[in-house]
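Take a look at the structure below.
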């Protein structure tokens, strides 16, 4: 029997719980779509935790990243869900990337960084513009620390230029977004299954 | 009497004339707004000309950049109007930036590159997403060769995520876009006037 | 007599004081160069302060941004000094941008946002790569809220690809960097002087 | 017996053959590393061909993209090798992305775009800075049309900030670059093999 896959969604909104969050909504929809693919999911709203600035796996002194990090290590699929501010991913999302930088030095016995064989996908929301750029920077950074990116690995929504409507306030989920979300889940599960069954070889020495 | 200011709009659509172009439309609206500020405008649709690949001011052999370059040199304000493809500025817009790279070596007697005291602004259109990233890359590259960027120096339009409506097919120009276009013209003319009257000092030696 | 100009450097290192910081070093060198142009400077290491996540001018509840914001409002020139992590500006720098987003709603009697007539420049350091992209995103976001960018408005240093030497550990400041830093100061002071004497008109209504 | 894998390297230098090209050199080294993994390679220097502007699979009228496109369709692994100009990928590389945009509409019987199950990696060279940003934009755009990105899927070299040495003029290939190139080949071959054996399911309808 195939091993069950798991996914972790790091919601990178600037708003602490219980405030409503569009990123939380789209991230949650992606987790639901992953569940339909047989992937068990979990969510962390990062801003609810005291994730210290720095690039070590544990910055000490009340740092709450190590507990989140354990969840990342346990997951096969990482979902980064982020809103768009100033056309960029949030400071919370960038903080997550900075903390993941430490994983490059966390090697298994074969010399493979700790994020190898994991798959990363993204869920991006915004009033009006920025999803492609955030996708670009997320994929580059997550790939750099070891994540693989499945075909068409992002779902997103942003409104018309200079608009101000939020995803969470739409009367219903646009059909194209809903379909894309399902596809992303399908592709992520496919790739994660392949890599779990047949891990990457070690890097060249 | 204050010297009259001039603007050049380089339209970076992938479509040769006489095809309709959203970038040409928005760029033209910005030139109209500049005219209302007393700035005389001219337009070049770059793809109609054989601009050779390379990073010299003249690549020889039928290269049509040198004639465009003379227009850039004569203008106080450069408008880059570009559509969005794959979330990026077009290959035509990037070609323009590559050719402008040569200007870093074109110094006046005081050691100032040829683009000093000129102002750059942008007009960006797209189906759905990408304006902030294109703005970022345009401002960085144009600033690198010497252009100054006035406050809020971009007008843009893109539709809702995963959409396919073009700016040129909108029933009318959205009011926020029209107002932004006017503001960009106003700010560009203001800054170009200041820099024309009081040029930058030479770089440090 | 011309009014004296002032500059504020927001150092966006991830390391709290008193740790040595390359961004602090290069930012400080830029402030020195600005002093040589007659510009009075001040520095804030942002990570030493509890800047809350959010996009309001004051997030309440112990938020230390409002005090920093007062310094931004008082300055004619804003310097963002940031290291490079994962090829990006730091989460601390992005946090600053998020907080500046609120300034778009802070209008004077003429309807001009609070950052109009201010000049922004950047100082970027990194082990190996990323300065152009960070420049792009800083200029786009700072311009969006109202800052103008003077010709060639960035000084930076990064080492050879895949390297690990920090700017602060170089035996001496590379001459090209030192010269660029002086030029950036000169250009920023020039533009800030012009805009202080002749402010932008109000945006179109 | 496992099916043999193939790779195509699109060299996106601005310099027509037979000029020496750093991008061609690093791209060739990556093809050699792929050969050591059992992957047969082919190279096209794109600027030697008349690739028309546009976003269709065939722009007609002397367009030489269709022949290159056939090679892309036949390959399991696509390598984009590009120099850095103005901190960006070249206009030639962006032209390639624009032409690949058409593949989103080229569906097989199952509704899967033509680039599904293919793997993309990058080889980036530059005097001094830009590799991370180019990586980001390449991965985002190539993923958008269907390519998957293997763990740590980029090899690159750029020199110290404000430098001017080219990769092709280095006395020898830096060891870290050589090792990274080998690793990228290994990871690309691994992922391409998995996806060839077990293709992605169709997107959600």
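Assorted remarks:
- Across region D:107-130, the number of residues qualifying as farther than 13 Å from residue D:145 by Cβ and not in a strand (DSSP E or B) comes to 8.
- Test set (1) more than 9 Å from every other protein chain (Cβ to nearest Cβ); (2) in a loop (DSSP other than H, G, I, E, B); (3) modelled with pLDDT of 95 or more - residue A:155 fails condition number: (2)
- The one condition in (1) farther than 30 Å from residue B:178 by Cα; (2) more than 9 Å from every other protein chain (Cβ to nearest Cβ) that residue C:108 fails to fulfil: (1)
- When A:145, A:96, A:92 are checked against the criterion of being more than 11 Å from chain B (Cβ to nearest Cβ), within 19 Å of the chain's Cα centre (by Cα) and surrounded by fewer than 24 Cβ atoms within 10 Å (Cβ to Cβ), A:145 stands alone in meeting it.
- With respect to the conditions (1) in a loop (DSSP other than H, G, I, E, B); (2) more than 29 Å from residue B:90 (Cβ to Cβ), residue D:189 lacks only one, and its number is (1).
- Yes/no for residue C:137 being assigned to a helix (DSSP H, G or I) and either within 14 Å of chain D (Cβ to nearest Cβ) or closer than 26 Å to residue C:182 by Cα (or both): yes
- Region C:158-200 - residue that is in contact (Cβ under 8 Å) with a residue 24 or more places away in the chain and at the interface with chain B (Cβ under 7 Å from one of its Cβ atoms) and, of those, farthest from residue C:85 (Cα to Cα): C:200
- Some residue of region C:29-44 being farther than 28 Å from residue B:201 by Cβ, in contact (Cβ under 8 Å) with a residue 24 or more places away in the chain and touching a helix residue (DSSP H, G or I) at 6+ places or on another chain (Cβ under 9 Å): yes
- Just one of the numbered conditions (1) under 14 Å from residue D:7 (Cβ atoms); (2) crowded, with 20+ Cβ neighbours inside 10 Å is not true of residue D:54: (1).
- The residue that is surrounded by the most Cβ atoms within 10 Å (Cβ to Cβ), counting only those in region D:104-125 that are farther than 24 Å from residue D:190 by Cα and in contact with a helix residue (DSSP H, G or I) (Cβ under 8 Å, 6 or more places away or on another chain), is D:125.
- Among the residues of region D:58-81, the ones that are out of contact with any strand residue (DSSP E or B) (no Cβ under 8 Å at 6 or more places or on another chain) and either at negative phi or within 14 Å of chain C (Cβ to nearest Cβ) (or both) come to 10 in all.
- Selected residue (only one of C:71, C:4 is within 13 Å of the chain's Cα centre (by Cα) and farther than 20 Å from residue C:125 by Cα): C:71
- Tallying residues that are surrounded by fewer than 24 Cβ atoms within 10 Å (Cβ to Cβ) and at pLDDT 95 or above within region A:126-142 yields 0.
- The set of residues from region B:60-76 being surrounded by fewer than 19 Cβ atoms within 10 Å (Cβ to Cβ), assigned to a loop (DSSP other than H, G, I, E, B) and modelled with pLDDT of 95 or more comprises B:60, B:62, B:64.
- Single match in B:96, B:79 (criterion: over 23 Å from residue B:164 (Cβ atoms), part of a strand (DSSP E or B) and at pLDDT 95 or above): B:79
- Some residue of region A:53-63 being in contact with a helix residue (DSSP H, G or I) (Cβ under 8 Å, 6 or more places away or on another chain) and within 22 Å of residue A:125 (Cα to Cα): no
- Verdict on residue B:84 being touching a strand residue (DSSP E or B) at 6+ places or on another chain (Cβ under 6 Å), closer than 22 Å to residue D:83 by Cα and within 13 Å of chain A (Cβ to nearest Cβ): yes
- Checked against (1) more than 30 Å from residue A:146 (Cβ to Cβ); (2) in contact with a helix residue (DSSP H, G or I) (Cβ under 7 Å, 6 or more places away or on another chain); (3) surrounded by 15 or more Cβ atoms within 10 Å (Cβ to Cβ), residue A:203 meets all criteria but (1).
- Across region C:25-51, the qualifying residues are those that are within 14 Å of the chain's Cα centre (by Cα) and farther than 23 Å from residue C:169 by Cβ, and the one among them that is surrounded by the fewest Cβ atoms within 10 Å (Cβ to Cβ) is C:42.
The values are calculated or read from the model by the stated rules, or taken from the named source; none is laboratory data. As the structure is a prediction and not an experimental result, all values here were calculated from the model. Positions of Cβ are backbone-derived with ideal geometry, glycine not excepted, and every protein chain shown enters the neighbour counts.
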